[in-house]
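Single-structure report; data block below.
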Amino acid sequence: TPLTQHTTLPSPALLQRHLHGVHYPATKAQLLAHARGECERVIGTLALLPEEQYSRPADVSKAFGEIAQEILKGASYPASRDDLVGYARDQDAALPVIEALLRIPDQDYDDSDAVIIEIIEV
């Protein structure tokens with residue numbers, strides 16, 4: 001059919017990656033809402049990046065890490081995840097940065113470099 005000729009469906013693995021964190025059982029509307037939220041989070045994050053050419057995915061991660069590191073440079077260390085989230089909120093950090101901090105492991109961090117490593121891995 002003409003629809004299948006012009007539409008490439010994502011792999012089941014990619015679909016599940018975008019649905020990570022969904023609480024099941026879930027309706028179609030809940031699945032759509034979750035996927036839209038994930039897309040908005042990705043777009044919000046990309047909007048923060050500097051205007052430049054990125055050669056590979058690692059460059060994108062590094063650029064985002066540098067944004068987060070700039071925000072966290074004045075935080076007191078060692079700091080817990082909650083301390084860092086609170087500090088970022090006090091600095092009026094962009095929501096994607098706060099969300100990234102909320103996703104790192106709940107532990108104490110000795111410096112901003114350790115936080116950025118976790119953010120990039122998440």
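A few comments on the model shown:
- Selected residue (criterion: farthest from P96 (Cα to Cα)) from residues of the range 24-39 that are open to solvent by 80 Å² or more (accessible area, probe 1.4 Å) and more than 16 Å from the chain's Cα centre (by Cα): P25
- For the residues I67, I71, I43, I98, the requirement of being without any contact (Cβ under 8 Å) to a residue 40 or more places away in the chain, in a helix (DSSP H, G or I) and either touching an Asp or Glu at 6+ places or on another chain (Cβ under 6 Å) or open to solvent by 100 Å² or more (accessible area, probe 1.4 Å) (or both) singles out I43.
- The lone exception for D90 - which of (1) more than 17 Å from the chain's Cα centre (by Cα); (2) open to solvent by less than 40 Å² (accessible area, probe 1.4 Å) it fails: (2)
- Checking D59 against (1) open to solvent by less than 60 Å² (accessible area, probe 1.4 Å); (2) modelled with pLDDT under 90; (3) assigned to a helix (DSSP H, G or I), the condition it does not meet: (2)
- Of all the criteria given as (1) in a loop (DSSP other than H, G, I, E, B); (2) touching a residue at least 24 places away in the same chain (Cβ under 8 Å); (3) closer than 15 Å to A100 by Cβ, the one not satisfied by G21 is (2).
- S112 at pLDDT 90 or above and loosely packed, with under 13 Cβ neighbours inside 10 Å: no
- The range 74-95: number of residues that are in a helix (DSSP H, G or I) and touching a helix residue (DSSP H, G or I) at 6+ places or on another chain (Cβ under 8 Å): 7
The values are calculated or read from the model by the stated rules, or taken from the named source; none is laboratory data. Note that the structure is a prediction, hence the values are computed from the model and not measured. Cβ: placed from backbone, ideal geometry, glycine included. Neighbour counts: every protein chain shown. All accessible areas refer to the heavy atoms of the entire protein, side chains included, with ligands and DNA or RNA removed. Shrake-Rupley method; radii C 1.70, N 1.55, O 1.52, S 1.80 Å.
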